[in-house]
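First the structure, in the form of structure tokens, and then the observations on it.
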Amino acid sequence: MRRLQLLLLIPLLFTFFCQGQSNCDILIKNGKIIDGTGNSWYYGDIAVKEGKIERIGKSLPFTANQTIDAKGLIVAPGFIDVHTHIEGDEAKNPTADNFIYDGVTTVVAGNCGASNVDIGKYLHWIDS
Ligand SMILES: [Zn+2]
């Protein structure tokens, strides 16, 4: 009976240690996570692999090429600026660093009527 218990335990231990060897590209540790779902914030880690979130949780068993200690910092999805006046600034500052540094990843423009009329032409210009 004791031998059977040991045999059952070995696969469980193997599974546990194999999970500890997961790899990701970026591991953000100890951040105060605000996930954008409306839930309360919580402390945790975020594993990012190939540009996508692989897992979110506490004390994630990941190794990473780059680890960021976010202790004392907030980790949140990008913010949306719902009223901007960036029309024409795209050419001057195509990387939009001023928005990125503030955490803004999406903007809404043209709310006040100052926008390109030919949206197709405008989008073609942006893509080029
Ligand atoms: Zn406006």
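Where a number appears in this text, it was derived from the coordinates with a stated rule and is not lab data. If you're wondering where the values come from, they're calculated on a predicted model, not measured in any experiment. Glycine also receives a Cβ, built like all others from the backbone with ideal geometry; neighbour counts cover every protein chain displayed.
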request  = Beta carbons within 10 angstrom, averaged per residue: use that to sort the peptides 111-118, 45-52, 28-35, 80-87, highest first.
outcome  = 28-35, 45-52, 80-87, 111-118
task = Could you tell me which of rounded, prolate or oblate describes region 79-127, using a ≥ b ≥ c as the square roots of the eigenvalues of the alpha-carbon gyration tensor, with rounded for a/c under 1.5 and, failing that, prolate when a/b is larger than b/c and oblate otherwise?
result = oblate
request  = List the pair-distance distribution P(r) of region 44-128, using every Cα-Cα distance, as the percent of pairs falling in each 5 Å bin from 0 up to the bin containing the longest distance, rounded to whole percents.
outcome  = 3, 10, 17, 17, 15, 10, 10, 9, 6, 2, 0
request  = Under 30 Å Cα to Cα from Lys49, which lysines show up? Leave out anything in the same chain fewer than 8 places away.
outcome  = Lys29, Lys32, Lys58, Lys71
query = Simple spin-label model, 7 Å along Cα-to-Cβ: Trp41 to Ile119 in nm?
reply = 3.6 nm
